[in-house]
Amino acid sequence: MEFRADFILGVFSTFTFSCTIPLVQFLIYTRTSGYPDWSFAQILLFSAMLLFWSGITETAFGEIKYSIQDKVKTGSFDRLLVLPYPAIIMILTKGFNYRSFGTILAGAIALVYSILNLGIVVQWWQILLFFCFLVIGLLFYISLLILYCTLCLAIVNMMRLKDIFDKLVSFSFYPAEIFGGVFKFFYLIIIPVAVWIYFPVQILLHRLDIYMLYAMLISILLLFLSLVLWNLRIKKYTSAGG
Amino acid sequence: MNPIISVQGLRKTFKVHVRENEGLLASLAGVFHRKFKYITAIDDINLEVNKNEIRALIGPNGAGKSTIIKILSGVLYPTKGTVKVLDYVPWKEREEYVKRIGVLFGQKTQLTWELPALDTFAMHKIIYKIPNLQYKENLSYMVSIFNIRDIIQKPVRNLSLGERMKCEFVCTLLHEPELVFLDEPTIGLDIISKDNVRQFIKRVNKERGVTFIVTTHDLNEIKNLCDMVTIVNHGEIIYNDSLENLKVHSTYEKTVELRFSKPVPAAEANTYKLEMINPFSGKIKIDAKNNNFQKKISALLIELPVQDISIQTEDIETIIRKIIST
């Protein structure tokens with residue numbers, strides 16, 4: 001009973017909480033001068049994508065940030081190294097968090113509603129590009145998680161690492177237009193958090209630009225770089241005492 | 001016979017932070033300036049293990065046993081030395097290699113706490129790609145030895161330590177490993193559970209030809225289980241031979257225990273240098289190499305009201321303690 005109750009309550013609470021996010025966006029939009037170059041309906045679409053994306057990442061990888069530090073500190077990370085798969089794959093598969101399923105559901109409903117509300121006629125190439133950016137976004141997110149795990153392995157005890165990670169991710173919660181100068185450059189190219197929400201929404205709104213290509217390349221490069229760093233670090237893994 | 005484990009000149013050093021003083025100021029100073037030193041956990045380890053052995057790896061805490069196990073199982077990279085286990089270099093070909101070994105860390109569970117052990121077994125079936133028939137046969141074989149048919153269906157958090165350890169063993173051996181590393185497998189178990197685990201290891205070793213490397217502090221385990229013993233101290237192997245040959249290191253000192261039919265006065269006991277346990281029993285240590293051994297025993301039997309006598313040689317525990325301390 002305890003698991004069923006936890007699942008039902010977890011999905012219900014995340015679904016309910018997620019539904020309030022478009023309301024918050026409405027309040028921000030109506031009480032401020034809004035976001036430059038974004039109508040309210042477009043901002044709702046952005047919020048829907050934010051929900052949908054957060055739901056996917058939290059469901060697939062939500063537990064990793066908590067569990068990796070614990071595993072390294074207690075030495076139970078050793079157990080992953082005696083399984084016949086790359087240790088990083090084993091870590092990534094251990095991040096599943098079923099409670100966030102409600103957020104995916106809320107995000108998907110909001111996404112369909114927003115598209116219909118905007119009267120967008122979605123072309124096949126948009127669907128293709130949208131899913132392509134979902135995959136690229138996931139690869140980029142995984143790269144950051146691998147770097148996070150590499151740092152955990154090196155530093156062992158760093159409580160604030162998760163907060164830094166979350167702050168970095170939170171930059172993606174706003175459209176590029178609110179950032180200026182160097183920040184925008186970082187947002188779109190250097191650490192292209194735009195691949196998660198901003199670019200997929202731009203694709204649905206028929207607003208393609210060259211930064212999408214750069215971000216795609218940077219994401220793939222970062223994945224390789226993070227794997228190289230991870231493999232270097234794993235050679236120096238010291239385990240914990242008995 | 002070709003050894004399945006062959007280790008030559010193995011060394012592992014760790015870089016550790018040195019804190020010279022205790023307290024808050026020393027902690028703050030450590031933020032700005034840290035001193036490090038290298039400690040050698042194991043050095044010049046040479047070891048060969050043959051197929052079908054049950055090998056004990058023993059030594060005091062911090063001797064380097066777990067470091068050896070972790071290198072042999074591919075968890076740690078060594079600083080120096082060569083290792084071949086089942087024709088693999090563990091840390092280089094780790095993913096292929098671990099399919100053929102089993103590792104049980106007595107203090108690090110592989111079972112999912114909230115789920116029945118049966119679900120973890122099913123997950124291992126997928127992870128190790130165990131064919132359905134082989135999985136069912138292995139599970140049934142081990143479940144019947146341990147008699148845990150009902151236990152494996154309860155959530156792991158509801159199991160006792162002994163029950164959980166039995167499930168850990170099943171999990172470790174499901175994929176039919178040829179070599180199994182057991183790092184303190186009976187830690188915290190009661191005598192009945194310890195005995196169950198030992199019987200299980202013996203049976204699997206005999207019936208399936210599985211080689212076991214066991215680290216333990218329990219000397220009964222060594223006596224009841226292992227053919228070969230490797231003693232490690234300060235990161236070096238100080239004994240590496242059969243349990244039988246360990247007795248070569250024993251002295252000729254015998255402990256003679258006597259039980260008397262009536263109380264023996266303290267003055268009389270002192271005459272024979274008897275250490276009295278109570279007025280009705282006492283013990284004395286006699287060197288059997290000494291020519292007077294027979295004479296001393298005869299004198300005790302004639303002069304004292306001896307009802308019962310037992311003569312004990314040095315036990316394994318004493319011998320091992322002696323080897324480690326020297």
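A:LYS71 - would you say it is of a type in the set (D, E, K, R) and open to solvent by 60 Å² or more (accessible area, probe 1.4 Å)?
no
Restricting attention to the range A:142-198, report how many residues are open to solvent by 70 Å² or more (accessible area, probe 1.4 Å) and aliphatic (A, V, I, L, M).
7
Just give me the residues in the range B:184-204 being open to solvent by less than 10 Å² (accessible area, probe 1.4 Å) and either in contact with an Asp or Glu (Cβ under 7 Å, 6 or more places away or on another chain) or within 14 Å of another protein chain (Cβ to nearest Cβ) (or both), in sequence order.
Selection gives B:PRO185, B:THR186.
Say we look at the range A:217-242 and pick out the residues that are β-branched (Val, Ile, Thr) and more than 21 Å from A:LEU134 (Cβ to Cβ); which of these is farthest from the other protein chains (Cβ to nearest Cβ)?
For the range A:217-242, the residue satisfying everything is A:VAL228.
Search the range B:12-23 for residues being out of contact with any helix residue (DSSP H, G or I) (no Cβ under 7 Å at 6 or more places or on another chain) and part of a strand (DSSP E or B), and hand back the single one that is nearest to the other protein chains (Cβ to nearest Cβ).
B:PHE14
Take the conditions away from chain B (no Cβ under 14 Å), open to solvent by less than 80 Å² (accessible area, probe 1.4 Å), farther than 29 Å from B:MET123 by Cα and not hydroxyl-bearing (Ser, Thr, Tyr) and apply them to A:PHE130. Does it pass?
Here the answer is yes, as A:PHE130 does meet what is asked.
Would a scan of the range B:56-70 turn up a residue that is in contact (Cβ under 8 Å) with a residue 12 or more places away in the chain and more than 15 Å from the chain's Cα centre (by Cα)?
No, the range B:56-70 contains no residue that is in contact (Cβ under 8 Å) with a residue 12 or more places away in the chain and more than 15 Å from the chain's Cα centre (by Cα).
Suppose we filter A:GLY119, A:GLY107 for residues that are more than 10 Å from every other protein chain (Cβ to nearest Cβ) and surrounded by 13 or more Cβ atoms within 10 Å (Cβ to Cβ); which single one remains?
A:GLY107
With the requirement that a residue be β-branched (Val, Ile, Thr) and in a loop (DSSP other than H, G, I, E, B), what does the range A:221-242 give you?
A:THR238 - this is the single residue of the range A:221-242 that is β-branched (Val, Ile, Thr) and in a loop (DSSP other than H, G, I, E, B).
Going by the structure shown, is B:GLY81 out of contact with any Pro (no Cβ under 7 Å at 6 or more places or on another chain), small (Gly, Ala, Ser) and surrounded by 14 or more Cβ atoms within 10 Å (Cβ to Cβ)?
yes
Give the range B:53-65 a look and list any residue that's in contact with a strand residue (DSSP E or B) (Cβ under 9 Å, 6 or more places away or on another chain), open to solvent by 30 Å² or more (accessible area, probe 1.4 Å) and within 11 Å of another protein chain (Cβ to nearest Cβ), or say none.
B:GLY62, the sole residue that qualifies.
Just one of B:ARG149, B:ARG100, B:ARG157 is touching a Leu at 6+ places or on another chain (Cβ under 6 Å) and open to solvent by 70 Å² or more (accessible area, probe 1.4 Å); which is it?
None of the others qualify; the one that does is B:ARG100.
Residue under question is B:GLU207, and the condition is that it be assigned to a helix (DSSP H, G or I), under 25 Å from the mean Cα position of the chain (by Cα), within 14 Å of chain A (Cβ to nearest Cβ) and at pLDDT below 95; does it hold?
Against the criterion (assigned to a helix (DSSP H, G or I), under 25 Å from the mean Cα position of the chain (by Cα), within 14 Å of chain A (Cβ to nearest Cβ) and at pLDDT below 95), B:GLU207 does not qualify.
The values are calculated or read from the model by the stated rules, or taken from the named source; none is laboratory data. Because the structure is predicted, anything quoted here is derived from the model rather than measured. Here Cβ is always computed from backbone atoms with ideal geometry, including for glycine, and neighbour counts include all displayed protein chains. Calculation scope for accessible area: heavy atoms of the full protein, side chains included, ligands and nucleic acids excluded. Shrake-Rupley method; radii C 1.70, N 1.55, O 1.52, S 1.80 Å.
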